[in-house]
1. Please give the per residue accessible area of the chain, computed with a probe of 1.4 Å over protein heavy atoms only, in Å².
2. Apply the Kirkwood formula to segment 47-87: the hydrodynamic radius equals the inverse of the mean of 1/r over all pairs of different alpha-carbon atoms; give it in Å with one decimal.
3. Pick out, in residue order, every one of the trypsin sites (Lys or Arg not before Pro) in segment 59-94 that is DSSP loop and has at most 14 other C-beta atoms within 10 Å; say none if there are none.
4. What GluC sites (Glu not before Pro) in segment 18-59 are in a loop by DSSP, with at most 11 other Cβ atoms within 10 Å of the Cβ?
5. Less than 15 Å Cβ to Cβ from T115, Lys/Arg counted +1 and Asp/Glu -1: what total charge do the surrounding residues give?
6. Can you pull the accessible area of F95 for me, 1.4 Å probe, Å² to the nearest 10?
7. Over all distinct alpha-carbon pairs, what is the Kirkwood Rh of segment 84-131 in angstrom?
8. Distance between the C-alpha centers of segment 96-144 and segment 10-29? Whole Å please.
Amino acid sequence: MERAPDLNALAALHADTFETPRPWSQTELAGLLTSYGVFLIEDEGPSMIMGRVVADEAELLTLAVAKTARGRGLGRRALAAYESRAQGLGAHTSFLEVAVNNVAAISLYTSAHYTESGRRRAYYTQPDGSKVDALILSKPLKPA
């Protein structure tokens, strides 16, 4: 039997990882985790990735790696686990949104063969109130 996620730890990890977009609260994480098609993969570091599969499409909702654990390949490993789970749930394509100024995440995703399929202008609000675009990236997934 799978253990229930520690929402306090997940919210703390998300807060450690994100400023733009703003970190998610325990309540928001709990709501997402009870939504249709949503799955969570936790790993060492700590690190976590959350996705959703609906029909044959997967959406990467968030990927978080503790600042103290970066540079050890945990993000790449989490992304591979997400893609594998999404494929197993029937997804043929994966989508995600990433702030244009999140250079490390964009580098990870493009190295994993995600390509830009769109842009949301002024989508994210930064801590200083300014707006930043979101890139929409996508990748075909091999059938499971």
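The values are calculated or read from the model by the stated rules, or taken from the named source; none is laboratory data. Remember, it's a predicted structure, so these values are computed and weren't measured experimentally. Cβ coordinates were reconstructed from backbone atoms using ideal geometry, including for glycine residues, and neighbour counts include every protein chain displayed. Protein only, heavy atoms only, side chains kept; ligands, DNA and RNA dropped before computing areas. Shrake-Rupley method; radii C 1.70, N 1.55, O 1.52, S 1.80 Å.
1. Counting only protein heavy atoms, the per-residue value for the chain is 55 Å².
2. Kirkwood hydrodynamic radius for segment 47-87: 10.7 Å.
3. Those satisfying the criteria are R70, R72.
4. E44
5. Summing Lys/Arg as +1 and Asp/Glu as -1 gives -1.
6. 70
7. Answer for segment 84-131: a Kirkwood hydrodynamic radius of 12.7 Å.
8. 17
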